Amino acid sequence: MSEVYRKVPAVALRGMTILPGMVAHFDVSRNRSIKALENAMVGDQTVFLITQKSIDSEEPEKSDLYQVGVLAVIKQVIKLQNNVVRVLVEGETRARLLDLTAEECLFAEVEVLTSDGEIPPQEIQEAMVRGVQETFGRYCRLNPKPGKELARQILDMQDLCKLLDYVGNNLPVGFEEKQKLLETDSIQERYEELMLILLNEINIIQIKTEFQSKVKEKVDKNQKEYILREQMRLIREELGEDNTVSEADHFLQETEKLEADEEVKAKLRKEIERFKNVSSNSSENAVIRGYIETLLELPWNKASKDNRNLEDAERILDEDHYGMEKVKERMLEFLAVRNLTAKGDSPIICLVGPPGTGKTSIARSVARALDKKYVRISLGGVRDEAEIRGHRKTYVGAMPGRIANGLKNAGVKNPLMLLDEIDKISSDYKGDTASALLEVLDSEQNSRFRDHYVELPLDLSEVLFIATANSLQDIQKPLLDRMEIIEVSSYTENEKSHIAREHLIAKQMEKNGLQEGQLSISDHALEKLIRGYTREAGVRNLERKIGQICRKAARELYQKGKSRKKTVKITENSLGKLLGKEKYNYDLVNENDEVGIVRGLAWTSVGGDTLQIEVNIMPGKGEFQLTGQLGDVMKESAQAGISYIRSVSQKYGIDKEFFKEYDIHIHIPEGAVPKDGPSAGITMATAMLSAITKRKVRKDVAMTGEITLRGRVLPIGGLKEKILAAKNAGMKTICVPAKNEPDVAEISPEIKKGLEIVFVERMEQVLKTALAE
C-alpha cells in the first residue's frame, strides 16, 4: 500500500538522519528551508525530511539527496537571532522521494512506504526482539552513556518495528549508518543491519576499553611526571625553544665523531637503539644514558703529544726536585727510547721510600716534564676489587673503576697515572684488590684491560704508571714482580738544607704573604733547625717548622710596620725564641771506651737511628735475660750470638763454668719503643763478649749485620739511613757485612765522607775492629 502526496514541503538535512518515531530538533538557516517550514505550518504541519549526501551542498538538487526520507510532524518552531529557526519534529513514516520541485521552497513528491515487506512469523519476531534487547543490554553495560532509563524502556518494548527504529535512533553512529536503516524495507534486513551496527559498536568499545586499560597501567605510575613533561614540551614549542635534537640523535652524532675502533662504535650504536626504545620515565633509561655517556667520554684512540725535548725535560725535573737522581735518570731514559723508536713501552715504576721524601710530588713533576696529563689514584685503604675493575651494570649505582675513571678524567689514553700508597691496599670478602691490579700493571696484558662496567677492552699499554710505597714488605710478591723498583732513600742533612733553600723557604714565604728579602735564615740556623727540631727521613716537618717561622715573621713585620723593619733575620740564637726548646738530640759518641756497651744501627720508617746495646754480667744460675721490648727475630739473634760465644769461649779465655755461674742481661734503651730485626746480631754478640771478657769496646765504632751460629755475618737492608745516622752521631768506623759492599758503592760520597767503612764476613773481623787494644 502506498499513498502519493503532491508537493509536500521538504527540508534537506545536513549531517543527520531522522528515523520514524524519533523526536529531534535542529536549526534551519537557509531561506528555502525556512519557507518550507512556513508552508507546512500553514497546512497540516507535515514536512518531508530528506538527508543530503554531502553536507557542503548549499542548493541541493534531487541527485544530491538520498532517495528515502521521513515524513515528520512539526511540533514546535522557534525563531532565533541571525535569521535562524529552531524546529522540533517527530518522525512519522518512511517515504521515497519521487520528484523534487524547487520554487520559493522545496516541494517533494513522495511515496509513503506503509508496508515493511514480508512480516516474519511470531516466534521469529520474538527471537528478534530478544536478540536486539540482549545485544543492546550488552552495549549499555559496556557504554553507560545511554542510561538505565533507556535500557528499561527498550526492555519493555515488544513491537519489533518500533524497537528497531527506537534502538537505531539512540545509537551514537553517523548519519550514513542511520540512512541504511531508513532505506531498508524488509524487517529481516533491517534487523540484520541493526545487529551488525550494534555488534560492531560493542566490538569497538571492547577494543577501546582494553586499549585504555593497557595505557592506564603504563601511565598511572608516572602520570604526574608525564603530564608535566608534556606541558613543558608544549610550552617550549610555544616559545620556539624546542629546536634541539633529541638525545639519541645527539649521541649518534657524538659516536660518529668519536676517535675509536669500530667495535666501540658498534657497541654504542646498539646501546643507542636500546635507549630509543626505553621510556624516558623508566629507571633503565638513566642506566643506559649513563653507560653511553661514559663510553663517549673515554679516550679510546685519543692521545696527547709527549715532550720530545730531553734537555727541557731534565731542566723541569731539576727545577722541581733536588736529588732523586735515579728517578730522573729513568724518566729521561724512557723519553730517549720513545724518541728513538717512536713507540717504546711505558714503564711501570714503583717508588719506595720513607714518608715525606717527595715520591708523590716527583710523579707530578715527571708529568709536567714529559707534557703528560696527570691522574692521581689514592689506593690507601682500598679493599674492594670493584674499585679497580668497576661494578657490573646490573647493580644499582654501578660505575666504572678508578682506572677507567682516571682515563676519562685525563681525556687521553697516555696519561701519567700515579697509584699512590700501593702498599696500603687490603682485601676482604669482596675480593683482593692487589690481585685486581695484576692485570693493570702487567705490560703483556694491560693492552686489553676489561673494566666490568665498560665491558670493552681498554688499552693501558701507553699509560705511564708510577706507584708509591713506604715499604716493599706489604706488597704482594706477584704484584711486586710486575713493577720496576726505584728506592727513594732518606735525605741527608746537606740535601735537606739544599731543598729548604731552593724550594721550601720560598714556597712558605709566598704562602704566608712575605716578599723576597723580608725573611733571612742563616746557614747555622737552618742546620740547627734540621738537627734539633726535626727527625725524619723526608722534609714534611721541616716545611712545617719553616712555615711556623714565616708566620711569626709575618706577624712581626705587620705589627711593627714595614717602614721600621723591612727584614726579619733568623739566627741560630733567635731560633729558640721562635720555636722553643730543641726537641731532638742525637745520641753522640761516648766520651770513653766502655765494657759491654756497643753502638748498633737501626732503620726506622722515618730514617736511620743508633742504638746503644748494654750488657751486664752478674752472679747467678746461668740465666739469659732480654729487655727493651724486643721482637722475636731480635731475641733469636741474641740467642744465636750467645751460642756463638759459648762455642769460641776457649779461644777468648772464658772459663767453662762461667755460663753456669753467671747471668747475662741484655738491654736496649728506649724500652717503650718496639724493636725487631736480625741486623743487631753482631752488635749484641760484640757487647756480650766484651762484658764477659771485660774488654772495652771502641767508642767511635758502630756496626750492623746478622750473625749465624758459626759466626758468619749476613747482609742487611736500609744501609744508607744507618750510615747517615752513624755519621750524625759522630762515629768514625762502621762495620758493614761484606755482601753489602755494592749497596755502599751506590751511596753518595757526601754521606761516606769522614767514615771508615769496614766490610766484614766473620765475627772475628768485627771483634778485631771493635775491641780496644
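Key figures for this structure:
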item	result
For the range 37-133, projected area of the alpha-carbon convex hull averaged over all directions, nm²	9.1 nm²
Spin-label model distance (nm) - L98 vs K224, 7 Å beyond Cα toward Cβ	7.2 nm
Cα-based helix-to-principal-axis angle, 31-42 vs the chain, degrees rounded to 10	50 degrees
When the convex hull of its Cα atoms is projected in every direction, mean area for the range 288-388 (nm²)	8.7 nm²
Net charge of neighbours whose Cβ lies under 13 Å from the Cβ of V595, counting Lys and Arg as +1 and Asp and Glu as -1	+2
Point-charge dipole on Cβ atoms (K/R +1, D/E -1) for the chain, about Cα centre, debye to 20	4940 debye
Accessible area of the chain divided out per residue, in Å², using a probe of 1.4 angstrom	53 Å²
Using alpha-carbon coordinates, inclination of helix 719-728 to the longest axis of the chain, degrees	50 degrees
25 Å Cα-Cα threshold exceeded, pairs from K7/K62; K656/K739; K328/K528; K372/K408	K656/K739; K328/K528
Eligible lysines near K507 by straight Cα distance, threshold 19 Å, same-chain separation 8 or greater	K359, K496, K545, K552, K569
Three principal axis lengths of the range 169-225 [C-alpha, angstrom, descending]	56, 18, 14
Trypsin sites (Lys or Arg not before Pro) within the range 637-670: DSSP coil, no more than 15 neighbouring Cβ in 10 Å	K651, K656
Estimated vicinal HN-Hα couplings, Hz - the range 440-452 in sequence order (Karplus 6.51, -1.76, 1.60; Gly, Pro = x)	5, 9, 9, 5, 7, 10, 6, 6, 9, 6, 10, 8, 4
With eigenvalues of the C-alpha gyration tensor scaled by 5 and rooted, the range 377-476, Å	20, 18, 12
The range 324-404: relative contact order in percent, alpha carbon pairs under 8 Å with at least 6 residues between	15 percent
Carbon/sulfur fraction of accessible area - the chain, other protein chains in place, 1.4 Å, %	48 percent
Long-range HN-HN contacts of L611 with modeled amide H, under 5 Å	G600, L601, A602
Relative contact order (%) - the chain, alpha-carbon pairs under 8 angstrom, separation at least six	7 percent
The range 480-512 and the range 661-725: distance between their alpha carbon centers, rounded to Å	32 Å
Diffusion constant of the chain at 10 °C, which comes from Stokes-Einstein with the Kirkwood Cα-pair radius and 1.306 mPa s, µm²/s	43 µm²/s
Loop-located chymotrypsin sites (Phe, Trp or Tyr not before Pro) in the range 582-679, at most 12 other Cβ atoms within 10 Å (DSSP)	Y584
Hz values of 3J(HN,Hα) by residue in the range 666-674 - Karplus curve (6.51, -1.76, 1.60), Gly and Pro given as x	9, 9, 10, x, 6, x, 7, 9, x
GluC sites (Glu not before Pro) within the range 1-97: DSSP coil, no more than 13 neighbouring Cβ in 10 Å	E3, E58, E61
Protection proxy ranking, peptides 691-700, 627-636, average beta carbon neighbours within 10 Å, highest first	691-700, 627-636
Å³ per residue enclosed by the Cα convex hull of the range 459-552	150 Å³
Cut-off under 5 Å, modelled amide H: who pairs with L106 long-range	A10, A36
Cα coordinate range in the range 634-773, projected on the principal axes (Å, largest first)	49, 35, 24
Over 21 Å between alpha carbons, listed pairs K651/K696; K326/K752; K675/K699; K583/K732	K675/K699; K583/K732
Charge tally in the Cβ shell below 11 Å around A367, where Lys, Arg are +1 and Asp, Glu are -1, A367 excluded	+2
Those lysines that a straight Cα-Cα span of less than 29 Å connects to K216, excepting residues fewer than 8 apart in one chain	K145, K148, K208, K224, K276
The range 260-370, relative contact order in percent, only Cα pairs under 8 angstrom and at least six apart counted	27 percent
Largest-first ellipsoid semi-axes for the range 577-669, taking √(5λ) over the Cα gyration tensor eigenvalues, angstrom	33, 15, 13
Per-residue HN-Hα couplings for the range 680-688 [Karplus 6.51, -1.76, 1.60; θ = phi - 60°; Hz; x = Gly/Pro]	8, x, 5, 5, 5, 5, 5, 5, 5
Distant-in-sequence amide H partners of V28 (H built 1.01 Å from N, under 5 Å)	V85, R86, V87
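The values are calculated or read from the model by the stated rules, or taken from the named source; none is laboratory data. Treat the numbers as computed from the prediction; the structure is a model and nothing was measured. Positions of Cβ are generated from backbone atoms using ideal geometry, with glycine treated the same way; all protein chains shown enter the neighbour counts. Protein only, heavy atoms only, side chains kept; ligands, DNA and RNA dropped before computing areas. Shrake-Rupley method; radii C 1.70, N 1.55, O 1.52, S 1.80 Å.
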